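A.B. asks: I'd like to ask some things about the structure below.
The values are calculated or read from the model by the stated rules, or taken from the named source; none is laboratory data. Just so it is clear, the model here is predicted, and its values are computed rather than measured. For neighbour counting, all protein chains shown are included, and Cβ atoms are generated from backbone atoms with ideal geometry for every residue, glycine included.
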Amino acid sequence: MIVGVGVDVVAIERIRTLYEKHGERLLKRIYTQIERDYCFGFSDPLPHLAARFAAKEAVYKALPGRGPIFWKEIEVQNDPSGRPHLHIFGETWKRAEQGGVQRSWISLAHDAGVAIAQVVLEGEPEYNKNEAHQHKEDRDAVYLDPGSQGS
């Protein structure tokens, strides 16, 4: 079951401006070392940084409940083929887990000066667990017709 969906779009120029103004301080505050290493493996790291920033925002929008998140507790890694994967940990993972999140799906893109991320969180939210328990009790119940006679 889908627990949450989040989408975010970031202007690459916005990230460029922030990077020019704050440099390493910005990078160390928002991105993990793995993300920085990946992005700076490209001749222009800024579209990749923007896509990862959009991913972090999209996770925030998709997470059940409200409360703070910590940017570096949301990490985008790439498998050898380049496909992105989300890693959520720390307090942010606790919040996700409490909301029933078990799996995540992510898609990133950048073109024409913007980066976009879509995140789908999958699992079983608490309200649905209670509902499923209620249905299980219904399946286990024996219904008798008032007109029937039992043995």
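A.B. asks: Could you list, in sequence order, all residues of region 54-78 that are within 9 Å of residue 117 (Cα to Cα) and out of contact with any Leu (no Cβ under 9 Å at 6 or more places or on another chain)?
C.D. replies: Correct list: 56, 57, 58.
A.B. asks: Only one of these is over 24 Å from residue 113 (Cα atoms), in a helix (DSSP H, G or I) and out of contact with any Pro (no Cβ under 7 Å at 6 or more places or on another chain): 92, 17. Name it.
C.D. replies: Being over 24 Å from residue 113 (Cα atoms), in a helix (DSSP H, G or I) and out of contact with any Pro (no Cβ under 7 Å at 6 or more places or on another chain) holds for just one of 92, 17, which is 92.
A.B. asks: Kindly evaluate residue 110 against the criterion of being at pLDDT below 95 and either assigned to a helix (DSSP H, G or I) or crowded, with 18+ Cβ neighbours inside 10 Å (or both).
C.D. replies: no
A.B. asks: When the residues of region 30-65 are filtered to those that are closer than 26 Å to residue 99 by Cα and surrounded by fewer than 17 Cβ atoms within 10 Å (Cβ to Cβ), which remaining residue is modelled with the lowest pLDDT?
C.D. replies: 65
A.B. asks: Criterion first (outside any helix (DSSP H, G or I), at pLDDT 95 or above and closer than 19 Å to residue 47 by Cα) does residue 121 satisfy it?
C.D. replies: In short, no.
A.B. asks: Picking from 76, 10, which residue would you name as being surrounded by 13 or more Cβ atoms within 10 Å (Cβ to Cβ), in contact (Cβ under 8 Å) with a residue 40 or more places away in the chain and touching a Pro at 6+ places or on another chain (Cβ under 6 Å)?
C.D. replies: 76
A.B. asks: Taking the stated definitions as given, is residue 68 part of a loop (DSSP other than H, G, I, E, B) and surrounded by 13 or more Cβ atoms within 10 Å (Cβ to Cβ)?
C.D. replies: Considered against the rule, which asks whether it is part of a loop (DSSP other than H, G, I, E, B) and surrounded by 13 or more Cβ atoms within 10 Å (Cβ to Cβ), residue 68 comes out as no.
A.B. asks: Could you check region 13-29 and list, in sequence order, the residues that are exposed (fewer than 15 other Cβ atoms within 10 Å of the Cβ) and either more than 18 Å from residue 57 (Cβ to Cβ) or not acidic (Asp, Glu) (or both)?
C.D. replies: So the first thing to find is which residues in region 13-29 are exposed (fewer than 15 other Cβ atoms within 10 Å of the Cβ), and the list is 13, 17, 20-25, 28-29.
Those that are exposed (fewer than 15 other Cβ atoms within 10 Å of the Cβ) and either more than 18 Å from residue 57 (Cβ to Cβ) or not acidic (Asp, Glu) (or both): 17, 20, 21, 22, 23, 24, 25, 28, 29.
A.B. asks: Could you grab me the full set of residues in region 71-95 that are more than 11 Å from the chain's Cα centre (by Cα) and farther than 22 Å from residue 125 by Cα?
C.D. replies: Passing the criteria: 71, 72, 77, 78, 79, 80, 81, 82, 83, 84.
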